[in-house]
Amino acid sequence: MIKLLTILLLGLVCESAGVVLLKKGINQIGDMNGVSVAEVFRVVRSGLTSHTIWLGIFFEALFFIGLLVLLSKSDISFLWPLTGLSFVFSTFAAMWFLSEHISSVRWIGVAFIVVGAGFISFSEHDKEKPAPPAKHATLTEK
């Protein structure tokens with residue numbers, strides 16, 4: 001259980017880093033000046049050559065790899081809601097690294113997410129352990 005939560009924590013940090021880097025990269029590219037083929041091409045070309053965007057994609061990929069590992073080892077009903085903690089991590093990352101102002105209503109939402117994750121984590125402790133497989137008699141035991 002501790003291993004899974006550690007992988008989840010590292011994955012959430014990578015996911016938040018990826019989101020912040022993608023936001024920084026898109027801010028460096030600038031706003032789209034209308035919707036036209038030339039403008040979309042400019043933004044895509046700029047994105048494909050942005051080191052910041054590629055670094056953001058790298059961190060998002062690390063999160064995805066961690067998620068695949070976690071999905072192979074735990075119940076989706078336990079794991080997937082806990083990935084909602086990425087909203088908490090991303091909120092703090094936006095505040096610290098992008099200097100975003102977080103309103104009190106958003107902080108209340110963050111608190112609800114934390115409380116929900118706590119309930120989900122607690123429910124994992126109450127989960128019934130599967131019974132050990134029954135031994136079958138073999139021909140040599142008879």
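What to note about this one:
So that you can scan it fast, the table gives a plain yes or no per residue for (1) farther than 16 Å from residue 18 by Cβ; (2) at pLDDT 90 or above; (3) among the polar types (S, T, N, Q); (4) part of a helix (DSSP H, G or I):
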position: 38; (1), (2), (3), (4): yes, no, no, yes
position: 45; (1), (2), (3), (4): yes, yes, no, yes
position: 56; (1), (2), (3), (4): no, yes, no, yes
position: 68; (1), (2), (3), (4): no, yes, no, yes
position: 71; (1), (2), (3), (4): yes, yes, no, yes
position: 77; (1), (2), (3), (4): yes, no, yes, yes
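- Residues of the stretch 1-27 satisfying the condition of being in contact with a Ser or Thr (Cβ under 6 Å, 6 or more places away or on another chain) and either without any contact (Cβ under 8 Å) to a residue 60 or more places away in the chain or surrounded by 20 or more Cβ atoms within 10 Å (Cβ to Cβ) (or both): 12, 15, 16, 19, 21, 25
- Taking every residue in the stretch 92-108 that is touching a residue at least 60 places away in the same chain (Cβ under 8 Å) and pairing it with any residue that is among the acidic types (Asp, Glu), at least 6 positions away or on another chain, the pairs with Cβ-Cβ distances below 7 Å are 94/100.
- When the stretch 93-124 is filtered for residues that are of a type in the set (Ser, Thr, Tyr) and within 23 Å of residue 80 (Cβ to Cβ), the ones remaining, listed by number, are 121, 123.
The values are calculated or read from the model by the stated rules, or taken from the named source; none is laboratory data. Computed from a predicted model, the values in this text were never measured in an experiment. Cβ coordinates were reconstructed from backbone atoms using ideal geometry, including for glycine residues, and neighbour counts include every protein chain displayed.
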